[in-house]
Amino acid sequence: MDGEVFHPGERLLQAHFGARARVAENGVRAIQPALAPPHQAFLQTLRYVLLAASDAQGWPWASVLLGQAGFVDARDASTLHIRARPGEDDPLLPALVPGAAVGVLGIDLAARRRIRVNGRLAHGGPPGTVLAVAQAYNNCPQYIWPRADGVGASPRGAASPSLAGPAEPPAAIATSLEDPAVRALLARADTFFIASSYQARDDDPARVASGMDVSHRGGRPGFLNLALGRLSWPEYTGNAYFNTLGNLLVDGRCALLVPDFETGAVLQLQGLATLDLSPPPAAPAQAGLDEGLRRNAVVHLAPRQAVLRPGVLPPDWLLLDRACTRDTTL
């Protein structure tokens, strides 16, 4: 299995959905072991990135780092320097130790553009985060709700403004999914980010290495469903790589980051995911949420712990348009 880029969980789901032959060939071309020049150029335009790593017990956390354009410095094809690090109240911070597997999602919501970069942490202290790149690849624009951050573009030739919340944001709050503010955020959310991981297996003939991943999820408001203490969401069809679902199939530990684009708060939570690969026909309410969309699965998350962090993002992001797929507007 020389050149294989997918681990056993991903390969199993690719076969289950009849996509194995197609994506095996495509993945070798698309998933690169280094940053191509277009990747480097795009990353250096960003003012926010998602970052993920696992804590000492192996449970992932996902967070967001912010700065001005250029704070993500793809200085060469194999090194990514992020001139920012999580705040002291960010649960991700203790996980950023040298050698840790790290997942990065560089995303520009307004442009509906994203790239995933996975690797190992070379340095995690001041003045920033340095990643030794192991994988880099583009993702499609589907399901992204385009938003402008409200800070605004700089005049030509002027310094790019820094994207940040308050200078001294309120302290993080340990919370639960039963908190009314959390329930309200989940009910109106149309976007979240999910971190998951894979540990290399001795019985894998392809010898795919361990890794961490953070990815984007989008849907109509209400697609995150909280019921009986459990959070569920549909997994819509995409590139059929099944990076996230493949990770969850072999290790259900994951983390979510749910941004509140109105207030600037973020909800960070850990939980154990289980997959329903044969979801029943949607109930009437869910049918409205899923109209025109195709589901591969439903994920059910049993929460472990949650933190609400006010003021991480600037408030009042501007929704520019609706999310879409190749043939449906959400």
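Computed from the coordinates by the stated procedures, all read-outs in this text should not be read as laboratory data. Bear in mind the structure is a predicted one, so any value in this text is a computation, not a measurement. When we count neighbours, we look across all protein chains shown, and the Cβ atoms used for this are built from the backbone with ideal geometry, even at glycine.
What to note about this one:
- Inter-label distance for A69 and L319, nm, one decimal - labels placed 7 Å from Cα along Cα-to-Cβ: 2.7 nm
- For segment 1-71, Kirkwood radius (reciprocal of mean inverse C-alpha pair distance, Å): 15.2 Å
- Dividing the mean sequence gap of close Cα pairs (under 8 Å, 6+ apart) by how many residues the chain holds gives a relative contact order of 20 percent.
- For the pair A227 and S278 in one chain, pulling the backbone fully straight at 0.36 nm per residue adds 16.4 nm over the alpha carbon distance.
- Contour excess over end-to-end distance, with Cα ends at Q44 and R326 and 0.36 nm allotted per residue: 98.7 nm
- Spin-label proximity, A132 to segment 41-80 - amide N less than 15 Å from point 7 Å beyond Cα toward beta carbon: 77-80
- When C140, C254, C324 are arranged by Cβ crowding within 10 Å, least crowded first, meaning fewest neighbours, the order is C140, C324, C254.
- If the chain linking A174 and R295 were pulled fully straight, counting 0.36 nm for each residue of separation and taking away their Cα-Cα distance, it would gain 40.3 nm.
- Spin-label model distance (nm) - N26 vs A184, 7 Å beyond Cα toward Cβ: 4.2 nm
- Given the alternatives (i) 44, 23, 18; (ii) 27, 25, 20; (iii) 49, 20, 17, semi-axes √(5λ) of the Cα gyration tensor in Å as computed for this entry is given by (ii).
- Ranked list, fewest to most other Cβ atoms within 10 Å of each Cβ, for I115, I31: I31, I115
- Label point of V97 set 7 angstrom out along Cα-Cβ; within segment 22-60, amide nitrogens under 13 Å from it belong to 54-59.
- Residues Y198, Y143 arranged by fewest to most Cβ contacts within 10 Å: Y143, Y198
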